[in-house]
1. Taking Rh as the Kirkwood radius computed over C-alpha pairs, what is the Stokes-Einstein D of the range B:74-336 at 10 °C in a medium of viscosity 1.306 mPa s, expressed in µm² per second?
2. Shielding of C:203-212 by partners, i.e. mean partner chain Cβ atoms within 10 Å per residue?
3. Within 12 Å, Cβ to Cβ, of B:Leu159, how many net charges do the neighbouring residues add up to if Lys/Arg are +1 and Asp/Glu are -1?
4. I need the inter-copy label distances for B:Gly158: point set 7 Å along Cα to C-beta, values in nm with one decimal, smallest first.
5. Are there GluC sites (Glu not before Pro) in the range D:27-108 that DSSP puts in a loop and that have at most 16 other Cβ atoms within 10 Å, and which ones?
6. Quick one: plug the Kirkwood hydrodynamic radius of the range D:114-163 (C-alpha pairs) into Stokes-Einstein at 20 °C, 1.002 mPa s, and report D in µm²/s.
7. What is the sum of charges, Lys and Arg at +1 and Asp and Glu at -1, for the other residues whose Cβ falls under 13 Å from the Cβ of A:Leu142?
8. What does the copy distance list look like for A:Asp302, label position 7 Å along Cα→Cβ, in nm and ordered from shortest?
Number of protein chains: 4
Amino acid sequence: MIAVLKQGTTEEQLNKFTGWLKGFGLDVHISKGEFQTVIGLIGDTTKLDADLIGSLSMVETVRRVSDPFKSANRKFHPDDSIIDCSGVKVGGGNFAVISGPCSVESEAQLTGIAKAVKEAGSNMLRGGAFKPRTSPYDFQGLKAEGIELLLKAKKETGLPVVTEIMDAHHLPLFEEVDVIQVGARNMQNFELLKELGKTNKPILLKRGLSSTIKEWLMSAEYIMAGGNENVMLCERGIRTFDSQYTRNCLDLSAVPVLKELTHLPVVIDPSHATGSSKYVKSMALAAVAAGADGLMTEVHSDPLHALCDGAQSLTPEQFSDMMKSVNIIRNALREAL
Amino acid sequence: MIAVLKQGTTEEQLNKFTGWLKGFGLDVHISKGEFQTVIGLIGDTTKLDADLIGSLSMVETVRRVSDPFKSANRKFHPDDSIIDCSGVKVGGGNFAVISGPCSVESEAQLTGIAKAVKEAGSNMLRGGAFKPRTSPYDFQGLKAEGIELLLKAKKETGLPVVTEIMDAHHLPLFEEVDVIQVGARNMQNFELLKELGKTNKPILLKRGLSSTIKEWLMSAEYIMAGGNENVMLCERGIRTFDSQYTRNCLDLSAVPVLKELTHLPVVIDPSHATGSSKYVKSMALAAVAAGADGLMTEVHSDPLHALCDGAQSLTPEQFSDMMKSVNIIRNALREAL
Amino acid sequence: MIAVLKQGTTEEQLNKFTGWLKGFGLDVHISKGEFQTVIGLIGDTTKLDADLIGSLSMVETVRRVSDPFKSANRKFHPDDSIIDCSGVKVGGGNFAVISGPCSVESEAQLTGIAKAVKEAGSNMLRGGAFKPRTSPYDFQGLKAEGIELLLKAKKETGLPVVTEIMDAHHLPLFEEVDVIQVGARNMQNFELLKELGKTNKPILLKRGLSSTIKEWLMSAEYIMAGGNENVMLCERGIRTFDSQYTRNCLDLSAVPVLKELTHLPVVIDPSHATGSSKYVKSMALAAVAAGADGLMTEVHSDPLHALCDGAQSLTPEQFSDMMKSVNIIRNALREAL
Amino acid sequence: MIAVLKQGTTEEQLNKFTGWLKGFGLDVHISKGEFQTVIGLIGDTTKLDADLIGSLSMVETVRRVSDPFKSANRKFHPDDSIIDCSGVKVGGGNFAVISGPCSVESEAQLTGIAKAVKEAGSNMLRGGAFKPRTSPYDFQGLKAEGIELLLKAKKETGLPVVTEIMDAHHLPLFEEVDVIQVGARNMQNFELLKELGKTNKPILLKRGLSSTIKEWLMSAEYIMAGGNENVMLCERGIRTFDSQYTRNCLDLSAVPVLKELTHLPVVIDPSHATGSSKYVKSMALAAVAAGADGLMTEVHSDPLHALCDGAQSLTPEQFSDMMKSVNIIRNALREAL
């Protein structure tokens, strides 16, 4: 941590301040310039509150120099992490295609879609059993029954299943689930993250609607600090000032930024990002070209009757068409890089 | 719900669409104009997905006409709700002054601050026992021990206590807590909200960092739909493009907007909103003038050593000075309205 | 325009309101439902203030049904516009590669870069002569001299030149410039847009930092309403809550959205969007895959000594490498669509 | 400016870097720590591009230490500036009440409103002659004729007039105008700001819709750097993710922040901020309590027929009621501080 003191700071103030800092067990390096004094702090500064130091009247500015995330940091783990999702690998050149309906509705619905997406090239099946809805009056998911239907569809197709958890105390229901998803609204539900850190399940951690990349990595760190390093990051659109034509703004520059900062795989969800099936294909292709490690797409055989988020679901035909293009761009990218 | 169809919609398309709508048990009113056809839907439209309808190729635009929140809606409950917090009333002209440290640190710390804020005019005591921190390596609160210390300070001073819950399964620890706070990061932790709806405790529901006013009211609705109507709303600053000088942007226009939409009390937290003690007083006065029902302020006897958020805490002296001004403005406002 | 009246609106209120509306020369269609009355307005509603109508106590909601942009609207002009930039076509399958330094600095600098980018596949040359800088103390550009240097580089290489205008009264200096750029900060400088509408120069209209897509199209409309239909749109990143790792957030979903709404070409500027040369290539590839009609990239032979925005400039070698990949993805996309 | 170098930077790299920095005429202070090297730069660093330095592979972080604004900076001008608007003083305890219609429509309209607002306590008259409208098809103002009507109303009532400029080349028309307003959309129209810097007119500089406080002060600096120090700042709401109930979000914490950073007066416009007359009064009172130096409010005798922004205009009766309350809070605040 670096603190720059204002001109006119007295020797007495300086001594009091450095004494306080040394009380945290830190080494304090002082560099006096003509117009300012710079203080460098060496040691474990995580216990220091940078905002508090910045608010002191003698301090001009303060800045943390090191990243606050450790387990997720590529500096300490230069190679790409490869997450094993019950046999399907993600990251380090392995591409995830996670597809399925927003909500699990019935056995017929789910199995039908599962077969269709597998045929089109999907290697995992998604489907919501517990549904976080803005309104308490909206459909909240089939819950335990939904998970059972997912496991049936898995048996039928062999596709590992991905589904969202909303409360750590539902964990026993997720025993045979292959990948546990943390939704955008729970990205900073720290109690949930801590519990997931005690499991060894692959976790798909969605970015919060207005979470910074650093906060997102800190939430991954919550899971990893507990011992579970099987974390995949999923960008699903952020909230901006404009939501007239797309529900959110897909932040694709997060892909190269995350590739630099962390070794964890990055999956893109173009369905929630745009909220509109007509924009999903072009955003999927862009995600591939940006270097993403996977795609998560909503597919529904009858979007008009979907109980949830029908507007953003592709039909199986549209999905199959998208996958053909995705594969062409993936092959081209291999040549291009 | 109102849907406007595009020019050129055929009779057959119209019949198929209205047939599908009637399948939801709705009355369908059709009004054909020269250039467009307007469809009005009467009945329980909560099961309809407006985005899906808007995505149909024949639909120009679709719009919900009625508010999605019911229990919180002032239309159906014109009088201000008055929430009884163990004897301290909030709303309908009753003003809450909730003050105390960000985190409970020790008995001496908490009781000292509690006495000081009571003396200065506070009628409730706040203090964090469970702390949601962005980093897993930051201080996470004293937890159960923190709640015990709050209850001791309550016994000593008679002030009802307000403290944050992070997981519904901690509820047994909150039995003697007077007001349960839901933090900004948990505003859409729907499982938590549902459990709080089954209690009869007053709930202080903080606004999410980038939650719309409607989403915030829908979260209040989650609690109220469960049977607990004792909800107070707390604005604590929203996230914008500018965070150089203040941590968040205090949205004071939320006060008159909420006063129109809902009967629930509105409390303002100028400490988290600004993140800087030097701006707290002027924002507290502005909140009073805007018509808020209460203030929630961080006070710490030794901000320099506070384990959390010291930069935004007032000293007891600063708080006492603020309260004198708050009372002058409150009296003036009574005359002014 | 559709207005929905509240329950309990009296016949007298209704008559007064519809009388006022008819005063604007509009046809008024009234459709009374059990719970609400819907009013449809046919005719030229551009003179009506929708916000004002929405603020009337009897009005529940009001909504414009038709798009406010006309000349830019794909509905009335289904085919892609192809803009002729002194022989280089953009749009309708023709791809623009606009490259060069942020600022024109000297003849040697500019001509050197111009030759390098032409060799690598660029078909236009960019370079700033008038520079909009946040600070009055920053380098403001070589102005008239900069334009002369651009025209020299054009003569040398044959590349049409693109440069920014900041004041309509500089227009005489732009006589031989091939494409005039309007910068993000001037997107709503309506006086400037009107003057550009009187020319027949191709205009590259950058999106404002926090302008909605609709506002952007309305600014294009300002130019087109004056008679100049040679408008190209340039997305260059929008402002969000997170600017730690990228300067702005590149909104690539704007590409498919604009392709649906308008016939105008869409160019992407990954340099300003990310603010960092290391993220430019992956965002350029993503832009191509998303369906963009062109790329605008900053290239500098000596980024370390660039007078402006060196951090986001590619070296000619990096640019050449990027162009090879861009061409591979462009070819793949043709096959994929 | 402070730069922190990464661990592992070689002596050779360090020498090359410091050599380059010295080329800008700067003193370079090097402080080597165990884990990092800190470089302090003394001298005129305004020519350095901090982003470029931050992008160098050897640099961990870089930070400007001094504010980039000088003339507007309270550090160099501790006393409040008092701006003389043709006899009406603003700042340093002097309160501006600027009121009138959004657009000048006719002599009768303007003079009627002018008399009414003067009677209610307004000390300046506002009215738009040149109107920046999002759509080229909306009413663009009476232009020169509008300014004439303003000057007639000034003669009639004695109120100094405030009106917006959209192009520096209209300046001759503004010769008798008392205060020139720069609108939000032109806050970074640097050519306009430079021209205004050559006049000695008081300038009311509105904050851009998504401009940071620092950018706003830099725009003030553009005017002041030209020699015109008569600048007043006007906050009019910023753009956020939520615009359902208010058009913008009034950022009242800008008041105490600006009071700390600058000596310039701060005026609040609650009309444009909320976009709705029903929220104007409470926001006006909050602005007063926050410490603002003035209010700018839209008043129209017939909002239903206003040609522009009727939804946010107060009637003269509502304005008079608001002013009574404003005066009560102003008196209370004097006692409270």
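Each value in this text was obtained by applying a stated rule to the coordinates, not by laboratory testing. Predicted model, so just to flag it, every value in this text is computed and none were measured. Note: ideal-geometry Cβ built from the backbone for every residue, glycine included; neighbour counts use all protein chains shown.
1. Result for D is 88 µm²/s.
2. Per residue, the number of nearby Cβ atoms from other chains is 4 on average.
3. Once all neighbours under 12 Å are counted, the net charge is +3.
4. So the distances to the same position in the other copies read 5.7, 7.5, 9.3 nm.
5. D:Glu34
6. Stokes-Einstein gives a translational diffusion coefficient of 185 µm²/s.
7. Once all neighbours under 13 Å are counted, the net charge is -2.
8. Inter-copy label distances (nm, one decimal, shortest first): 5.8, 6.8, 7.0.
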